[in-house]
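Each reported figure results from applying straightforward, stated rules to the coordinates on display, with no laboratory input. What you see is a predicted model, and the numbers here were worked out from it, not measured in a lab. As a convention, Cβ positions derive from the backbone with ideal geometry for all residues, glycine included, and neighbour counts pool all protein chains shown.
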Amino acid sequence: MPTSLSLTELESAINFWRQRSPSIGEELRLCAEASSLATPYALMIIERRKQLDTGELSERAQAAVAAWYDAQAKVG
């Protein structure tokens, strides 16, 4: 797992989870993994940050990033 993420990488991780587990319900609720990444993503935009240390993420978000990263490594 990377020690830091760019905004683009975080967006890619969110999209990975959205494709894997599409939004549900009338309110189009995100899956738990995508939801755990959405707040750090929004904060990066608001704070105009280019990088985010993965240690700043919640445990659930770290697990979601790790699974996304592993999936990317398998693809190539």
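Per-residue ellipticity at 222 nm from helix content only, as computed over the chain with -39500 (n - 2.57) for each DSSP H run of at least four residues, stands at -20500 deg cm²/dmol. Loop-located chymotrypsin sites (Phe, Trp or Tyr not before Pro) in the chain (DSSP state other than H, G, I, E, B) with a sparse environment of at most 14 neighbouring Cβ atoms within 10 Å are absent. Largest mean-square fluctuation among L52, L37, L28, in a Gaussian network model of the chain whose springs join Cα atoms under 10 Å apart, belongs to L28. Extension gain, Q62-A38: 0.36 nm per intervening residue step, less the Cα-Cα distance, totals 7.4 nm. For mean projected area of the Cα convex hull in nm², the candidate list reads (i) 4.4; (ii) 6.8; (iii) 5.0; the entry that matches the value derived from this model is (iii). Of the GluC sites (Glu not before Pro) found in the chain, the ones in coil according to DSSP and having at most 15 other Cβ atoms within 10 Å of their Cβ are E26, E27.
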